[in-house]
Amino acid sequence: MTTRELVWGGPVWGHPGCDAVLVEHGLVARVGQAEEFGDTEVRRICTQGGSILPGFVDGHTHLVETGLAESGFGVDLAGLDRGEALARIADAARARAGQEWVLATGWDESLWDPAACLQRADLDRVAPGAAVVAVRVDGHVAALNSAALRRAGTVLAAASRLVDAHAGEVREAAVDLVRELVRPDEAALWDALRAATAACHRLGITTAHVLSGRVEPRVLFAAAARLRLRLVVHPPVESLDAIAGDGSRTGDGDDWARWGGVKLFADGSVGARNAAFSAPYVAGGTGELNHSFDEMVQAIAAADRRGWQTLTHAIGDRAIDQVLRAHRQAGSDRELLHRVEHYEFPADDQIESTRALGLAVCMQPNFIGNWSGPCGLYAQALGPERDARCNPLRAIIDAGIPLGFGSDGMPLGPLYGIASAVAAPHDGQRIALTEAVCAYTSGSVSLAGRGPSPGTFVVGAPADLVVLDGPLDSDGIASCRVAQTWVGGERMSYGREDG
């Protein structure tokens, strides 16, 4: 069987006038025009006019959580209204009678009328006999029913300030404590990763930066080559001593799986009203910082000394300020390309400081599509003026800050994110199609620091590519779908059409 294949028949991204990519032994061998390739030993695959792009690189995913919802281990509430979400939880509780927990994820009260969070009483009413944990779409808040609160009582005692037992609401680190109780066994974890990989391939994702828990990296490293999905694994900062004890550093690994950085949280989320701002929310309060300044400096410096990149979640301007000051105080190594995640509400002077410190940012343009604009979550929570200044992609690109895009799984899907950036509601958020595609390909590759570099059609690079179902332009991006996904020169099968 030939190891040479020609993917041809549509425009090749970044190569004007070309309509074909020659793949040989899993690598890009040549880019050109189909008529130039007369070799009869080449197997030809026609795209029927569809655009040929480098494989998408999601710079910020929660692959296990995505897979648990895809595989049926968890109950997926994404896109449901309040009544539908509660009905689905009730169905799952009846179907899983006698099981230890019911885990539901993805609810978003900002889309409901009234915009009220799920609470203990709601869950008790529809699932009185099961222990239910219902995690908000952002992962920063969860609602527990009475049975779940009883079972998690000992664990939650260590984070009592983050627990409102009357409402059944747990926040931030308390959510993680509860989720550790509901973690799947290794067999369920493999099922989840298979399902998540199929979802990635269906959406054109060939590399995923995975924000993992403490126990998943071993399985992630074992799964990557077998499942044909390149992974950059980012464990929590609390795992640093364990993973760096053998001398491992950011960038170590192989073509399929390698270490990224360690994850820290400076603040929470706008939806949970605990992203940290200098000015108050519409309803009052300015959110919370998760660490003191000294703690943040110590965490960044400890990772930096051991050759580890940091990824620090910072959404509000007060959180971004703390992160920038901490990097300045720690004197962090620019070569590690430390990252700020989300970076949704930076002030103008913070953008300049980010550039001067040599930091990179990973942003989620799908957040613009989900929650920005009149009547959206950001306007409701922070007012229209701050909504208009959120996610200032234009200023970040103009400042020359390294920028990659990720989805945070809300939802997984680069084309939706790209469309959200190109057609954003506010001028400062809006960027060109070429810039948005770059951020979801080579931009997210660059966030990983050392390692192989899929993300562009360079001769000798891994043949990771995506074929769309038609031409790609700014007007048509919202209706584009992924028709084919190739990883390492192999066309992936993922079971159902992209939705």
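The values are calculated or read from the model by the stated rules, or taken from the named source; none is laboratory data. Since we're looking at a predicted model, the values are computed, not measured. We place every Cβ from the backbone using ideal geometry, glycine too, and count neighbours over all the protein chains shown. Please note that ligands, DNA and RNA were not included when accessible areas were found on the heavy atoms of the full protein model with its side chains. Shrake-Rupley method; radii C 1.70, N 1.55, O 1.52, S 1.80 Å.
Couple of notes before you dig in:
- Odd one out for residue 293, checked against (1) modelled with pLDDT of 95 or more; (2) surrounded by 19 or more Cβ atoms within 10 Å (Cβ to Cβ); (3) more than 29 Å from residue 106 (Cα to Cα); (4) not basic (Lys, Arg): (2)
- Filtered residues of segment 374-394 (kept if open to solvent by 40 Å² or more (accessible area, probe 1.4 Å) and part of a helix (DSSP H, G or I)): 380, 384, 385, 388, 389, 394
- Strands (runs of 3 or more DSSP E) enclosed by segment 1-63 - at least 3 residues per element that are in contact (Cβ under 8 Å) with a residue 60 or more places away in the chain: 20-24, 27-32, 52-54, 56-61
- Condition met for residue 167 (assigned to a loop (DSSP other than H, G, I, E, B), open to solvent by less than 30 Å² (accessible area, probe 1.4 Å), aliphatic (A, V, I, L, M) and more than 24 Å from residue 465 (Cα to Cα)): yes
- Residue in segment 329-350 that is touching a Leu at 6+ places or on another chain (Cβ under 7 Å) and open to solvent by 50 Å² or more (accessible area, probe 1.4 Å) present: no
- Tabulated pairs, segment 113-127, first farther than 11 Å from residue 146 by Cβ, second open to solvent by 40 Å² or more (accessible area, probe 1.4 Å) and aromatic (Phe, Trp, Tyr), C-beta under 8 angstrom, 6+ apart or interchain: none
- Condition met for residue 299 (buried (at least 17 other Cβ atoms within 10 Å of the Cβ) and more than 23 Å from residue 364 (Cα to Cα)): yes
- Subset of segment 227-251 [free of Cβ contacts under 8 Å to residues at least 60 places away in the same chain and farther than 16 Å from residue 205 by Cα]: 235, 236, 238, 239, 241, 242, 243, 245, 246, 247, 248, 249
- Condition broken by residue 283, with the remaining ones in (1) free of Cβ contacts under 8 Å to residues at least 40 places away in the same chain; (2) surrounded by fewer than 19 Cβ atoms within 10 Å (Cβ to Cβ) satisfied: (1)
- Close contacts from segment 85-97, counting a first residue that is more than 13 Å from residue 74 (Cβ to Cβ) and without any contact (Cβ under 8 Å) to a residue 24 or more places away in the chain and a second that is open to solvent by less than 20 Å² (accessible area, probe 1.4 Å) and among the hydrophobic types (A, V, I, L, M, F, W, C), with Cβ to Cβ under 6 Å and a gap of 6+ residues or different chains, come to none at all.
- In segment 259-268, the residue that is farthest from residue 383 (Cα to Cα) out of those that are touching a residue at least 60 places away in the same chain (Cβ under 8 Å) and either over 17 Å from the mean Cα position of the chain (by Cα) or open to solvent by less than 10 Å² (accessible area, probe 1.4 Å) (or both) is 260.
- Residue 442 under 26 Å from residue 65 (Cα atoms) and open to solvent by 30 Å² or more (accessible area, probe 1.4 Å): yes
- For segment 208-239, taking the residues that are farther than 24 Å from residue 138 by Cα and among the basic types (Lys, Arg), the one that is least open to solvent (accessible area, probe 1.4 Å) is identified as 230.
Each row is one residue, and each column tells you yes or no for (1) free of Cβ contacts under 8 Å to residues at least 40 places away in the same chain; (2) out of contact with any Phe, Trp or Tyr (no Cβ under 9 Å at 6 or more places or on another chain); (3) closer than 25 Å to residue 255 by Cα.
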{"site": "161", "(1), (2), (3)": "yes, yes, no"}
{"site": "164", "(1), (2), (3)": "yes, yes, no"}
{"site": "168", "(1), (2), (3)": "no, yes, no"}
{"site": "181", "(1), (2), (3)": "no, no, no"}
{"site": "186", "(1), (2), (3)": "yes, yes, yes"}
{"site": "209", "(1), (2), (3)": "no, yes, yes"}
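- Condition check for residue 416: among the hydroxyl-bearing types (Ser, Thr, Tyr) and either open to solvent by 40 Å² or more (accessible area, probe 1.4 Å) or at pLDDT below 95 (or both): yes
- The set of residues in segment 110-135 that are in a helix (DSSP H, G or I) and either more than 12 Å from residue 86 (Cα to Cα) or open to solvent by 40 Å² or more (accessible area, probe 1.4 Å) (or both) comprises 110, 111, 120, 121, 124, 125.
- Every residue from segment 77-103 that is aliphatic (A, V, I, L, M), over 15 Å from residue 121 (Cα atoms) and surrounded by 13 or more Cβ atoms within 10 Å (Cβ to Cβ): 77, 78, 80, 92, 93, 102, 103
- Subset of segment 32-63 that is at pLDDT 90 or above, hydrophobic (A, V, I, L, M, F, W, C) and surrounded by fewer than 22 Cβ atoms within 10 Å (Cβ to Cβ) - its residue that is farthest from residue 22 (Cα to Cα): 46
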